[in-house]
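The values are calculated or read from the model by the stated rules, or taken from the named source; none is laboratory data. Keep in mind the model is a prediction, meaning the values are calculated, not measured. Heads up, the Cβs are rebuilt from the backbone with ideal geometry, glycines too, and the neighbour counts pull from every protein chain shown. In case anyone asks, the SASA skips ligands and DNA or RNA and just uses the protein heavy atoms, side chains included. Shrake-Rupley method; radii C 1.70, N 1.55, O 1.52, S 1.80 Å.
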Amino acid sequence: MRKLALSDEILMKVEKPARYIGGEVNAVMKQKEQVQVRFAMCFPDVYEIGMSHLGIQILYDMLNQFEDVWCERVYSPWVDLDQVMRKENIPLFALESQDPIKEFDFLGITIQYEMCYTNILQVLDLSRIPLLSKERGEDDPIVIGGGPCTYNPEPISDFFDLFYIGEGETRYRSLLDLYKECKAQGLGRKEFLKKAADIPGMYVPSFYDVAYHADGTIKQRIPLEEGIPETIAKELVEDVTDTYYPHKPVVPFIKVTQDRVVLEIQRGCIRGCRFCQAGQLYRPVRERDAKMLKSCAVEMLKNTGHEEISLSSLSSSDYSQLPELLDFLIENCGRDKVNISLPSLRIDAFSLDVMNKVQDVKKSSLTFAPEAGSQRLRNVINKGLTEEVILEGARLAFEGGWKRVKLYFMLGLPMETKEDIEGIGDLCNKIAAVFYETVPKEKRTGRVQIVASTSFFVPKPFTPFQWAPQCTKEEFLDKAYFTRTNISSQLNQKSIKYNWHEADISVLEGVFARGDRRLNQVILKAYEMGCMYDAWSEYYKNDLWLSAFEQCGVDPAFYSARERGEDEIFPWDFLDCGVTKEFLLREWHHAKEEAVTPNCRKQCNHCGAARFKTGVCMEKRER
Amino acid sequence: MKVRVKFSKYGPVKFVGHLDIMHYFQKAVRRAGIDIAYSEGFSPHQIMSFASPLSVGHTSEGEYFDMEVRSFTDEEDMLKKLGQVMVEGIDVLQVRILDKGEGNAMASVAAAAYLVAFSDKLSLPANWDKELISFYQQTHIEVVKKTKKGQKEIDLKESIYQLEVRGDTVYMLVDAGSGSNIKPEFVMETFFGQLGVMLPEYPFRIHRIETYKRREDGQLVPLIA
Ligand code: SF4
């Protein structure tokens, strides 16, 4: 029987103790004496969020397939346990062995959103690993970061020994081999990192310095070690079919956000929406073969017992083998009453037909993501969704019996005007009108329900909008207020509900997203002052953040509200995500001209990702 | 056809709550490839019924649930199939086909037997064992019981069918019917209250030994007799 790191008294006291006990179905147990590398994989947020992340499941499965490695999981203790651990001096532990993280060889942290940065410090702190890389000794684990936020790792560069840039499937084996080699030769941390920097995709932040101009922009990066690479290219899985995919994902005891089998059908996206970072980072789009997905689906359902399966990708409708895969799932899942969930499908006759088969029409709602209210602004952001298509989709849906529609928009997009915002209310109103035109009075069971949600736009690195200024908090709130007023002036306003997000958090997210090394001290300061779980609005403390910036003499507006010059060197320019800066700049100009760029299947726009020689770049196009 | 399953719960999984244990078995049944029956309708669910919820932190070797199956090989095969998909801390102990008119697990529960151990933080008076016997020898034990609707005065004595000292622990057999259920910690709290002993946080470790139904002749027998 495993012995838990926490006493019964503590576990009885905290909320959801099952977060901390491990031992779930398919959790991997090994003998620690029989492995050579112990790897703690961390998602720096609460268990229910971390357990829902596919990327970690893939890496957990892959690392545990290596016989010489035992990969375990660790998440942020929730605020109640956090307090107890600090008070009673209990070190953070991994779920499987319940051993302290400090005893591990590696602590891998996946960094999915900027607002988890203080939770990274929480995890290090509770593990008793020095927060700053330069203060760590030979007994501390190597702290390695991965995930989308590492495409601008500079704001958190002081806290990591190493960043892995790109998809995790490719280079862990060589990294771990190198680690074993160094250990066998008695080489220390620094020597290991020095050698690791030679492995493609590895970035050792402490080997570089940065010089700034008087205006605060970057003058140049200065390598501090001989022979280290100037740029680091992202790692990418060329063949996404013949690769690692977990057949036995861990099944949590408690309800988590993603309580289902997740089938990642493809990586990347052909669309090239100009606000979307994922759409650029994961280029080129690569499809998994339907045959592989079918067998994964069967295996994973059998091994987990989940009652739901979900397809995952940035834009599932673009997956070329979708009809074949869906037919298979509908046929096979129906027997065992497994639900199929289909996020990110474009609403059209095909998808409505499929959804009609797999969902309860009366209960489910349809989702459109026009992102902007007017066609003009949709052209600016290259979102190829027209009003005509939306209204036609809505008409078909209403005929099919749906009466709930969700719409997602962004406020504060570059070049947004008052008219664009008015377009949001207008579009909602038109959709409601379509309902009343389509569904005859006698067939109506209650009113149509339209829910419009707006998020505030955050410009991200490696997107065409990386040059754009971000709105201030006040501008954001004005826009949200205007959206609300406008929606309530619509004829069908009673059928429309409006939600908007917090503005403070979006501004801070914008600062981190395009920040540089000078933010490390601010994040550290904010953490020391008590900031944690910033992604949770009930724990987000804007005052503390503002005071942390002030105490460090750093102006957040420098990072968010400023329009950047076209020749400015960005903190993340030393990374090569495949897409060139020239392409992004070209797209920035096209945005200003309101010009649409066709998707990768229609036409190659020479973004740079063709050098990977895979995926859509290698497809033959008609014409 | 209805099948009753008996299982145990011990070790770290004692921190998994009752609802989550239900979800755990819903998934386990699928993993085991058992041909369970589903309800009709657009969102069908497995036809399953759990006997009596076990509080978080308690262990047990006498948990039960019933399920309706569409097809079935034999008891031993199902025991084996379920056994193969369990986690550490949950063992399937017995599988039994139910007779036609047999009531469902939840409705059948009449009593439960527990073993209560004490935490080191609880300073027991030297003569606590004798005191427990005289506590149980009272003709009435008037107490106020908290219910969903508020408070109710009851005679606790009527709900305790057996109470005795076993080494360092206390054995008790108490009413576990759906409306009249008595929690073992309530009995212990009442006892120590009468004794005037201050209780620390989490003073007891509670283990359920068995869950009983009442046979027609009035005898208490395990849910799988
Ligand atoms: S190189 Fe062309 S086809 Fe390939 S991802 Fe870039 S734009 Fe698309």
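Listed values, structure above:
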quantity	calculated
In Å², nearest 10: area of residue A:541 left accessible to a 1.4 Å probe	80
Residue-averaged 222 nm ellipticity for chain A, from DSSP H runs of 4+ at -39500 (n - 2.57), nearest 500	-10000 deg cm²/dmol
Contour minus Cα-Cα distance for residue A:320 and residue A:551 (0.36 nm per residue)	77.8 nm
Accessible surface of the protein assembly as shown [probe 1.4 Å, protein heavy atoms]: carbon and sulfur percent	50
Difference of contour (0.36 nm per residue) and Cα-Cα distance, residue A:8 to residue A:222	71.8 nm
Assigned charges on the beta-carbon of Lys, Arg, Asp, Glu; the protein assembly as shown dipole about Cα centre (debye)	1800
Accessible area (Å², per residue) of the protein assembly as shown, counting only protein heavy atoms and a probe of 1.4 Å	43
Residue-by-residue Karplus 3J(HN,Hα) for region A:79-95, coefficients 6.51, -1.76, 1.60, Hz, glycine and proline x	4, 5, 5, 3, 5, 4, 5, 5, 5, 9, 6, 9, x, 5, 10, 8, 5
Area accessible to solvent at residue A:232, 1.4 Å probe radius, in Å²	10
Cut-off 20 Å, label 7 Å out along Cα→Cβ of residue A:596, residues of region A:462-502 by amide N	A:464-465
Solvent-accessible area of residue A:529 with every protein chain in place, 1.4 Å probe, in Å² to the nearest 10	60
Contact surface B-A: accessible area buried, both sides summed, square angstrom, 1.4 angstrom probe	2600
Long-range amide H partners of residue A:71 with built H, under 5 Å	A:39, A:64
Straight-distance crosslink candidates among lysines, where the alpha carbon sits under 17 Å from residue A:403 and sequence neighbours closer than 8 are dropped	A:357, A:362, A:363, A:430, A:441, A:443, A:494, A:497
In nm, spacing of pseudo-spin labels at residue B:10 and residue A:32 (7 Å Cα→C-beta vector)	2.5
Gyration tensor verdict on the protein assembly as shown (Cα atoms; rounded if a/c is under 1.5, prolate if a/b is larger than b/c, oblate otherwise)	prolate
Paramagnetic reach from residue A:209 in region A:220-246 [backbone N under 18 Å; point 7 Å along Cα→Cβ]	A:220-230
Gain in span if fully extended, residue A:103 to residue A:336, counting 0.36 nm per residue against the direct Cα distance	79.5 nm
Number of partner chain Cβ atoms within 10 Å, mean per residue of A:18-28	4
Selection from A:408, A:184, A:101 lying farthest towards where the dipole of chain A points positive, charges on Cβ	A:408
Neighbourhood net charge (14 Å Cβ-Cβ; Lys/Arg +1, Asp/Glu -1) for residue A:46	-3
Ranked by how many other beta carbons lie within 10 Å on average, peptides A:198-207, A:280-289, A:611-620 from highest	A:280-289, A:198-207, A:611-620
Sequence ranges B:198-204, B:2-8, ranked by mean other-Cβ count within 10 angstrom, highest first	B:2-8, B:198-204
Positive-end extreme of charge dipole, chain A - chosen from A:364, A:66, A:285 (charges on Cβ)	A:364
Whole-Å distance, taken between Cα centres, linking region B:160-225 and region B:28-60	26
Whole-Hz ³J(HN,Hα) from phi, Karplus 6.51 cos²θ - 1.76 cosθ + 1.60, for region B:88-102, glycine and proline x	4, x, 10, 10, 8, 9, 7, 10, 9, 6, 8, 5, 3, x, 5
Residue mean of other protein chain beta carbons inside 10 Å, B:9-21	5
Peptides A:462-468, A:559-565, A:424-430 ordered by average Cβ neighbours within 10 Å, highest first	A:462-468, A:424-430, A:559-565
List B:186, A:574, ordered by accessible area with a 1.4 Å probe, largest first	B:186, A:574
Charge tally in the Cβ shell below 14 Å around residue A:191, where Lys, Arg are +1 and Asp, Glu are -1, residue A:191 excluded	0
Region B:109-222 - charge dipole about Cα centre, Lys and Arg +1 at Cβ, Asp and Glu -1, debye rounded to 20	420
Under the Karplus curve 6.51 cos²θ - 1.76 cosθ + 1.60, θ = phi - 60°, whole-Hz ³J(HN,Hα) for region B:170-179, x wherever Gly or Pro sits	10, 9, 9, 10, 10, 4, 10, x, 4, x
